[in-house]
């Protein structure tokens, strides 16, 4: 990120972006990268621990201060975006401070990993709340604003970038709550893209892989820092360029997509598609249904392995 952001036109010049979970890790990298490309940034972070415990306004404030110290524009927001009031104030902060909202990057989350038989209801609820509800509520408030703008004749070029995970796409042993939440975010993304396109809103999701607080205990070897002077493929900063592009007007026409991004690699995830099909034209018996299904499975591609499975 340049030391002086003043007078840089940038891909996001003139745009206002909100980034949730922006106090550390991927969110921080996204906020800095958006600012480096000219965006004014609302830096949201509740300042909780890796498991969601505690609360501090410091992470959001520190990132906002870092951006402004380099000549950019940013404001900190430490509200809980998984609450109605917190999500509403997030959007209000952008509108009152900068007069507009162009991009919403939802990234906030934490982990409470347990094997399924040891996973408590509180750990299930807490993880779905921060990830899935924490994506839904800011999206709903931002979408309401953009719909109002479009109906008033001021059609926006709005962008939403959601954060799913390989765990949500393929599953991950010991992360049933997290995988379910991240899979839900994909469904939310697809529906939002279909519903909001008429108002000038594009909605996409990324499934990033990077070394952050959340991944250090999950993939300790693969996520380890490289030797000094070596390219750090797992640095969060390697994910952010795609986020910036998706948040900009340069991504026009791209919506309802999920991208896996790690280091220099970007993949378009193709998701669920109808594969081999057999139609009997009438009701089947259980035996004939099983026989047909066995035949279809022989024609289908093997399922991708679940992360952490033997």
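The values are calculated or read from the model by the stated rules, or taken from the named source; none is laboratory data. Just so it is clear, the model here is predicted, and its values are computed rather than measured. Cβ: placed from backbone, ideal geometry, glycine included. Neighbour counts: every protein chain shown.
Residues in region 165-174 include at least one that is within 22 Å of residue 34 (Cβ to Cβ) and touching a residue at least 12 places away in the same chain (Cβ under 8 Å). If I filter region 288-295 for residues that are within 25 Å of residue 182 (Cα to Cα) and at pLDDT below 95, do I get at least one hit? No - not one qualifying residue is present in region 288-295.
Considering region 13-36, and only residues there that are surrounded by fewer than 24 Cβ atoms within 10 Å (Cβ to Cβ) and assigned to a loop (DSSP other than H, G, I, E, B), the residue that is modelled with the lowest pLDDT turns out to be 24. On the basis of being under 19 Å from the mean Cα position of the chain (by Cα) and over 22 Å from residue 241 (Cβ atoms), does residue 45 make the cut? Against the criterion (under 19 Å from the mean Cα position of the chain (by Cα) and over 22 Å from residue 241 (Cβ atoms)), residue 45 does not qualify. Pairs meeting the criteria (first residue in region 267-280 and without any contact (Cβ under 8 Å) to a residue 40 or more places away in the chain, second residue in a loop (DSSP other than H, G, I, E, B), beta carbons under 6 Å, at least 6 apart or on different chains) are 275/300; 276/300. Scanning region 135-144 for residues that are over 21 Å from residue 242 (Cβ atoms) and either surrounded by 18 or more Cβ atoms within 10 Å (Cβ to Cβ) or modelled with pLDDT under 95 (or both) returns 136, 137, 141, 143. When region 131-185 is limited to residues that are part of a strand (DSSP E or B) and within 21 Å of residue 248 (Cβ to Cβ), the one that is farthest from the chain's Cα centre (by Cα) turns out to be 158.
A quick yes/no check of all residues on (1) at pLDDT 95 or above; (2) assigned to a helix (DSSP H, G or I):
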{"position": "50", "(1), (2)": "no, no"}
{"position": "53", "(1), (2)": "no, no"}
{"position": "65", "(1), (2)": "yes, yes"}
{"position": "87", "(1), (2)": "yes, yes"}
{"position": "101", "(1), (2)": "yes, no"}
{"position": "104", "(1), (2)": "yes, no"}
{"position": "107", "(1), (2)": "yes, no"}
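Scanning region 251-268 for residues that are modelled with pLDDT of 95 or more, at negative phi and in a loop (DSSP other than H, G, I, E, B) yields 252, 254, 255, 257. Filtering region 112-122 to residues that are out of contact with any helix residue (DSSP H, G or I) (no Cβ under 6 Å at 6 or more places or on another chain) and either farther than 23 Å from residue 308 by Cβ or part of a helix (DSSP H, G or I) (or both) leaves 117, 118, 121, 122.
Against the test of being in contact with a strand residue (DSSP E or B) (Cβ under 8 Å, 6 or more places away or on another chain), on the phi > 0 side of the Ramachandran plot, at pLDDT below 95 and loosely packed, with under 12 Cβ neighbours inside 10 Å, the options 308, 271, 281 yield a single qualifying residue, 271.
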